[in-house]
Amino acid sequence: IYIQGEELGAVLNSRPEPVRMVSRSKTCHDVLECVTAIINSRGRFDAIARQLDKMDATDYKGMRIVVVSDLLPANRTYYKPYIDAVRKRSNVILKIVRVQDGEYLGIGRGRNLALSFVHTPYFLQLDDDFMWNKRATNISRALSILETTDATVMGGSRSGALPFYGTLHYNDRERELIVLNACSYSDIYDGFPTTFQGNTVQVDKTINFFLARTEDVKLSGGWDPYQRYNEHQEFF
């Protein structure tokens, strides 16, 4: 990845193959049947409870969700009402890892643990503090793209997102800097079939809000369990 001429690491995929249309014998069209959301947290059960409440106001109420979080002994009393609220939800699998002061489950290990409970063809990666927008959040579109192409990950955008970076192929020229969200490039066609021309581009790395094929990510090994922080680039 190169940012304004400063090398932060090797380009993840300098010559990516273009995404291709595919035909599948079995297809998924219902998000609630085909997708499981995973959330890894460091004990922020209040944020998790708020996000689940926001999801209830969207078309994805009742989606299967796996929540993995560690919990310090000193925080049990404060977070107990939020933990109870999450645990009462029939669509949520909650796994709490009890740790001691100075310990941390780590993002890589936590996300792999969450992924191990996913048995749907696709999973939706969420951070614990996301707030859903009823009008703008369209998981169905992301699912339709993954169902009809050979892409593995379909990233979204979010309000106030930090910049993310990759190699963009545009008119046979490489642009080594992508800032803001891919959806802001409404006039760019980048290797995607004509069906998805418009606000869909091919990048090296998406933000932490994405839909992905469960089997492909599991076969790749998922996240590095030793990456306690900054796991995102390593994953891609």
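The values are calculated or read from the model by the stated rules, or taken from the named source; none is laboratory data. Remember, it's a predicted structure, so these values are computed and weren't measured experimentally. Cβ sites come from the backbone with ideal geometry, for glycine too, and all protein chains shown count toward neighbours. Note: areas computed on protein heavy atoms with side chains; ligands, DNA, RNA excluded. Shrake-Rupley method; radii C 1.70, N 1.55, O 1.52, S 1.80 Å.
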Odd one out for D59 among (1) of a type outside the set (G, A, S); (2) within 22 Å of W223 (Cα to Cα); (3) assigned to a loop (DSSP other than H, G, I, E, B); (4) modelled with pLDDT of 85 or more: (2)
Whichever residue in segment 203-231 is farther than 15 Å from S157 by Cβ and at pLDDT below 80 and, among such residues, is most open to solvent (accessible area, probe 1.4 Å): N230
Among (1) farther than 30 Å from E17 by Cα; (2) free of Cβ contacts under 8 Å to residues at least 12 places away in the same chain - the single one S116 does not satisfy: (1)
Residue match in segment 32-50 (condition: open to solvent by 50 Å² or more (accessible area, probe 1.4 Å), in a loop (DSSP other than H, G, I, E, B) and at pLDDT below 85): no
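Taking strands (runs of 3 or more DSSP E) that fall entirely within segment 115-174, which contain at least 3 residues that are at pLDDT below 90?
It comes to 168-170.
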Leading residue by the ranking (nearest to R64 (Cα to Cα)) among those in segment 85-114 that are part of a strand (DSSP E or B) and in contact with an Asp or Glu (Cβ under 8 Å, 6 or more places away or on another chain): I96
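I need the full set of residues from segment 85-113 which are of a type in the set (G, A, S) and free of Cβ contacts under 8 Å to residues at least 60 places away in the same chain, in order please.
Start the filter on segment 85-113 by keeping residues that are of a type in the set (G, A, S), which leaves 85, 90, 102, 106, 108, 110.
Scanning segment 85-113 gives A85, S90, G102.
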Cross-chain or 6+ apart pairs with Cβ under 6 Å, segment 214-229 first and among the charged types (D, E, K, R), then assigned to a helix (DSSP H, G or I) and open to solvent by less than 50 Å² (accessible area, probe 1.4 Å): D224/G108
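Would you check if there is a residue in segment 70-92 being of a type in the set (A, V, I, L, M), under 25 Å from T152 (Cβ atoms) and at pLDDT 95 or above? It would help to see each step written out before you state the result.
Restricting attention to segment 70-92, the residues satisfying the condition of being of a type in the set (A, V, I, L, M) are 71-72, 74, 83, 85-86, 92.
Those still in the list that are under 25 Å from T152 (Cβ atoms) too: none.
No, every residue in segment 70-92 fails to be of a type in the set (A, V, I, L, M), under 25 Å from T152 (Cβ atoms) and at pLDDT 95 or above.
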